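Reviewing the structure listed below.
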Amino acid sequence: MMILSGNPPRGKLLTGLVVLVVGLLALAPFLFPGSKPLNVAAKICVYALLVASYDLLLGYAGIVSFAHTMFYGVGAYGVAIALHALGASWFAVFAGLGAALAVAGALALLIGLFSLRVQTIFFAMVTLAVASAFAVLASQLSWLTGGEDGRTFSVPQALRPGFQLIDSGAFGGAANGRTLAYYLVFGVAAVLFLALLRIVESPFGRVLQAIRENPFRAEALGYRIVVHRTAANVLAALFAACAGALNALWLRYTGPDTTLSFSIMLDILVMVVIGGMGTLYGAIVGAAVFVLAQNYLQALMGVAFGAINKAGLPLVAGFLNPDRWLLWLGVLFILSVYFFPTGVVGRLRADPKP
Amino acid sequence: MSVSLETRDLTIRFGGHVAVDRVSCVFRPGELTAIVGPNGAGKTTYFNLISGQLRASSGQVLLDGADITAESAPLRARRGLGRAFQLTNLFPNLTVAENVRLAVQSARGVHYNILRPWMLRRDLIERADQILVDVALEQKRAHPAAALPHGDQRKLEVALLIALEPRVFMFDEPTAGMSVDEAPVVLDLIARLKKDTSKIIMLVEHKMDVVRSLADRIIVLTNGACVADGEPATVIASPAVQEAYLGIAPKHGAPS
Ligand SMILES: Nc1ncnc2c1ncn2[C@@H]1O[C@H](COP(=O)(O)OP(=O)(O)OP(=O)(O)O)[C@@H](O)[C@H]1O
Ligand SMILES: [Mg+2]
């Protein structure tokens, strides 16, 4: 249990759900051949990590930040720019990641020290302003970032679709570079998720919770809340940057729409709320539910639409028009908040901890 | 090293209202000082100035001879100024055990460790459990603090201060609102703390029988000013106390 830092999902249903999702993700290349399902699986991995790192801030430290996509973007652009400029090599990947981590950490430190002293609402405003400015900057510096078009680049040989690990044919052809790339995403996301779990279950993580619960009392016990909040902000930024780097490696492309856009920030918030705040496991559940809905709800509705149309119920069918999928995603969200105010995980995990 | 604490002309104004008015006092180790006075006299505010929740308008707080008037509350806590609050002030959604462990953790200087899982820190867990036994809350260790009845929350409030292992203990009406069978647990604990003569203990308390049985010295505050300071017997007999307790705030029980 120590790999989970003494914080298993708890509760049969929740454990089952988490094991199911992680199991399906672990075997995705073999269970769901084809590029779309693998894309979906990779996106779930990346988002689970991204949302978990956001949960460290929101759910554990009680800090609302709108700059999470910025740090995600820093990671993605770091890898993209390095691979674009230095050519496809592992050295470029690590150089880009290293630079991105340095930038993300420094930015998070500055924002934190500057604005976490006062009310956390002020911090939320500052992150909103800085993130917007950063998005504009990224699209303006087109010589560096590729502007609105973003950067397309090649990844190291071993991660390319053409690369064959073993003679083609073995594993039904699944042992190619794309599979390797997927397992890189899955493996790194899993390890970093466990690291986040370790952080929230550490003495430091408990202090974050204490500060969220009652900052005044935490100070009276000798905890310097600015230092703790800033440290949480920096850690969350570093993990978000790693998620961004994974996303870039998987997509072989980085642009404003895939990393910096405010709609991704909203997606993160939705996933945190669906999964359940302050649980970390909520990130896995939330990301899986959200990404699956995002990718398959429209198709599902298309099927239902066709069937009902044939049955001669045009009015009902109108509601299920695939173009309305976003509306239904919204309805789904409202229902989930209504029935699971503490998120799916909060609901399934009823028993108190010792 | 034994501790020394002093306030010099300590004053705070809220607008035109002087809540603490030039209070000068020296507190000695091994001495339990009761601070009494009518409602609104400034007792809690005086504590807030010493432990750093409020900043003085003028005057000084000296700990071990060093001027700490401008220091933040967490730094003062780390220097050994420990505080329990009159209005219960806990981590409501954390369990009773977690509340106490957070204080133990700070006492042991474990502020930033992010690598070692909390549940492997047997030292912290055992110390916290021992304190929970002391305040008779061990049965409720897994309950969220917010779910406790009032008396138990008061006990937990005291447990946090004891777990912090400060050099200066500041209790602000620790037994207020407790039932007659709950209060002795807390009072016994305070009496036990007195045995360690290297500590300073300050106790705001309205119940005169409690004050008489525990205090080595009594300070009387009225309208923010210190109007009497000395041996319990002398102070209780003084006109200031007679007036404060018989004239202004009879509801808390007059000295007999
Ligand atoms: N933050 C504040 N802003 C304005 N006035 C305050 C503040 N804190 C305390 N006061 C005022 O200072 C005075 C002293 O309050 P304090 O709480 O210290 O009294 P107390 O002696 O602890 O009373 P009690 O026995 O009721 O606890 C009161 O008149 C109170 O209204
Ligand atoms: Mg008071």
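Observations, loosely collected:
- The mean number of Cβ atoms from other chains found within 10 Å of a Cβ in peptide B:86-94 is 4, as a whole number.
- A Förster radius of 35 Å combined with the Cβ-Cβ distance from residue B:123 to residue B:57 puts the calculated FRET efficiency at roughly 0.25.
- Rg to Rh quotient for the stretch B:5-252, alpha carbon positions, Kirkwood Rh: 0.97
- A simple count of charges around residue A:159, restricted to other residues whose Cβ falls under 11 Å of its Cβ and scoring Lys, Arg +1 and Asp, Glu -1, yields +3.
- At least 18 Å along the helix axis (C-alpha) and Kyte average at least 1.6, DSSP helices within chain A: A:12-31, A:90-115, A:120-140, A:177-200, A:262-275, A:325-339
- The modelled label-to-label distance between residue B:142 and residue B:28, using points 7 Å beyond Cα along the C-beta direction, is 5.0 nm.
- Each label point was placed 7 Å from the Cα along the Cα-to-Cβ direction; for residue B:191 and residue A:2 their separation is 4.5 nm.
- Label zone at residue B:198 (point 7 Å along Cα-to-Cβ), backbone N below 14 Å, the stretch B:21-59: B:29-30
- Counting only Cβ charges, +1 for Lys and Arg and -1 for Asp and Glu, the dipole size of the protein assembly as shown around its Cα centre is about 940 debye.
- Computed packing ranks the peptides A:108-115, A:204-211, B:75-82 as A:204-211, B:75-82, A:108-115, most packed first, by mean other Cβ atoms within 10 Å.
- Farthest toward positive dipole pole in chain A [+1 Lys/Arg, -1 Asp/Glu at C-beta], among A:245, A:81, A:223: A:223
- Per-pair calculated FRET efficiency, R0 = 30 Å: residue B:93 and residue A:262 via Cβ, rounded to 0.05: 0.45
- Placing +1 on each Lys and Arg Cβ and -1 on each Asp and Glu Cβ, with no other charges, gives the stretch B:5-252 a dipole about its Cα centre of roughly 600 debye.
- Projected label distance in nm at residue B:180 and residue B:243, using a 7 Å step from Cα toward the beta-carbon: 3.5 nm
- Gain in span if fully extended, residue A:85 to residue A:140, counting 0.36 nm per residue against the direct Cα distance: 18.0 nm
- From its DSSP helices (H runs of at least four residues, each -39,500 (n - 2.57)), chain B gives a residue-normalised ellipticity at 222 nm of -9000 deg cm²/dmol.
- Think of the protein assembly as shown as having a plus end and a minus end, set by charges on the Cβ of Lys, Arg, Asp and Glu; of B:151, A:274, A:202, A:274 sits farthest toward the positive end of this dipole.
- FRET efficiency, 1/(1 + (r/R0)^6) with R0 51 Å, evaluated for residue A:157 and residue A:300 via beta carbons: 0.85
- Positive dipole terminus of chain A, leading residue within A:57, A:122, A:42 (C-beta point charges): A:57
- Summing Lys and Arg as +1 and Asp and Glu as -1 over all other residues whose Cβ lies under 9 Å from the Cβ of residue B:59 gives a net charge of +1.
- Stokes-Einstein translational diffusion, chain A - Kirkwood Rh over all Cα pairs, 1.002 mPa s, 20 °C, in µm²/s: 101 µm²/s
- Residue-averaged beta-carbon neighbours from other chains (10 angstrom radius) around A:222-231: 5
- The mean number of partner chain beta-carbon atoms within 10 angstrom of a residue's beta-carbon across peptide A:4-11 is 2.
- Gap separating the Cα centres of the stretch B:128-154 and the stretch B:160-196, nearest whole Å: 14 Å
- One Cα centroid belongs to the stretch B:106-124, the other to the stretch A:114-140; the line between them spans 33 Å.
- Semi-axis lengths (Å, descending) of the ellipsoid that matches the C-alpha gyration tensor of the protein assembly as shown: 58, 25, 22
- Contact order, relative form, for chain B: 28 percent (alpha carbon pairs under 8 Å, 6 or more residues apart, mean separation divided by residue count).
- Fully extending the segment from residue A:31 to residue A:338 would add 107.1 nm, taking 0.36 nm per residue of separation and subtracting the current Cα-Cα distance.
Throughout, read-outs are computed from the coordinates displayed, never taken from laboratory work. Not measured: the values here are computed from a predicted model. Cβ atoms come from the backbone with ideal geometry, glycine included; neighbour counts cover every protein chain shown.
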